[in-house]
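Enquirer: Here you go, one structure.
The values are calculated or read from the model by the stated rules, or taken from the named source; none is laboratory data. Nothing here was measured: the structure is a model prediction, and the numbers come from that model. Virtual Cβ from ideal backbone geometry, glycine too; neighbours counted across all protein chains shown. Note: accessible area is taken over every heavy atom of the protein model, side chains too, but ligands, DNA and RNA are not part of it. Shrake-Rupley method; radii C 1.70, N 1.55, O 1.52, S 1.80 Å.
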Amino acid sequence: MSLANTRIVARLLAVAALAALTAGCFQPMYAEHPDGTPGLREKLMGVEVPPVDKNNASREARIQVEIRNALAFKLYGNATGMPPTHRLVLRFNTNRSSLMIDQATGLPTSENYGIDAQYNLIELATNKSVMTGTTFSRVSYDIPGQLQRFARARAFRDAEDRAANEIAENIQTRLASFFVAGT
């Protein structure tokens, strides 16, 4: 074996030895704990997501249901939640802004839709806030010609749904981080 091949083999052995030493340091985030303590999935299933107070039959009430349903699916999956240990209180505001205006008609052809959300995780045993945070989502959508009212309404509703799903994803990620790291 040449000197170059010997060095390559020595480096590979060193990398393999380091990998073997650190192999026990990593644990999948959603793995079950062998010692019987609750894993992340069980902790997330203990988060209660109550309805947000919005006027019935309003556009924001529909968005509230969309955020709540998306968040519940991300936390519980296809199962139902366990007895609650925490309550997640949500508040949000929505906004819309025109991005591009058709110069011939003066009407918007592209808009941005946004949701700004604040959340507060309350531990039910002590009734104390253990985590607060904010998140936001901005999505854009195109508005077809003004004669296509249904397409315009559907594009707006799809933008609302995408923004609500993104808010739920952001909150679920933050909750998972809190339950794993404790911060």
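Enquirer: Check off (1) open to solvent by 50 Å² or more (accessible area, probe 1.4 Å); (2) farther than 30 Å from residue 179 by Cβ; (3) among the acidic types (Asp, Glu) for residue 111 and give me the number that stays unchecked.
Expert: (1)
Enquirer: Moving to a separate point now. Those residues that are aliphatic (A, V, I, L, M), in a helix (DSSP H, G or I) and open to solvent by 50 Å² or more (accessible area, probe 1.4 Å), I need them from the stretch 119-163; list them, please.
Expert: First, pick out the residues of the stretch 119-163 that are aliphatic (A, V, I, L, M): 121-122, 124-125, 130-131, 139, 143, 147, 151, 153, 155, 159, 163.
If we keep only those that are in a helix (DSSP H, G or I) too, we end up with 151, 153, 155, 159, 163.
If the condition is that a residue be aliphatic (A, V, I, L, M), in a helix (DSSP H, G or I) and open to solvent by 50 Å² or more (accessible area, probe 1.4 Å), then 153 is the only one that fits.
Enquirer: Hey, another quick one. State which residue is farthest from residue 88 (Cα to Cα) when the search covers only the stretch 135-150 and only residues that are hydrophobic (A, V, I, L, M, F, W, C) and at pLDDT 85 or above.
Expert: Taking the stretch 135-150 and keeping what is hydrophobic (A, V, I, L, M, F, W, C), we get 136, 139, 143, 147, 150.
Those still in the list that are at pLDDT 85 or above too: 136, 139, 150.
Values: 136: 17, 139: 24, 150: 35 Å.
Among them, the one singled out is 150.
Enquirer: Hand me the list of helices (runs of 4 or more DSSP H) wholly inside the stretch 1-117 holding 1 or more residues that are at pLDDT 80 or above and under 17 Å from residue 167 (Cα atoms).
Expert: Numbers: elements: 3-22, 40-45, 59-76.
Ranges flagged: 40-45, 59-76.
Enquirer: Filtering the stretch 79-93 down to residues that are touching an Asp or Glu at 6+ places or on another chain (Cβ under 6 Å) and closer than 22 Å to residue 62 by Cα, which residue is least open to solvent (accessible area, probe 1.4 Å)? Even if it seems obvious, please write down each step before you answer.
Expert: So the first thing to find is which residues in the stretch 79-93 are touching an Asp or Glu at 6+ places or on another chain (Cβ under 6 Å), and the list is 84, 86-87, 93.
In the following step, the residues that additionally are closer than 22 Å to residue 62 by Cα were identified as 87, 93.
On the way: 87: 71, 93: 88 Å².
It comes out as 87.
Enquirer: Being within 18 Å of residue 95 (Cβ to Cβ) and in contact with a strand residue (DSSP E or B) (Cβ under 6 Å, 6 or more places away or on another chain) is the filter here; which residues of the stretch 161-183 pass it?
Expert: Selection gives 162, 163, 166, 167, 170.
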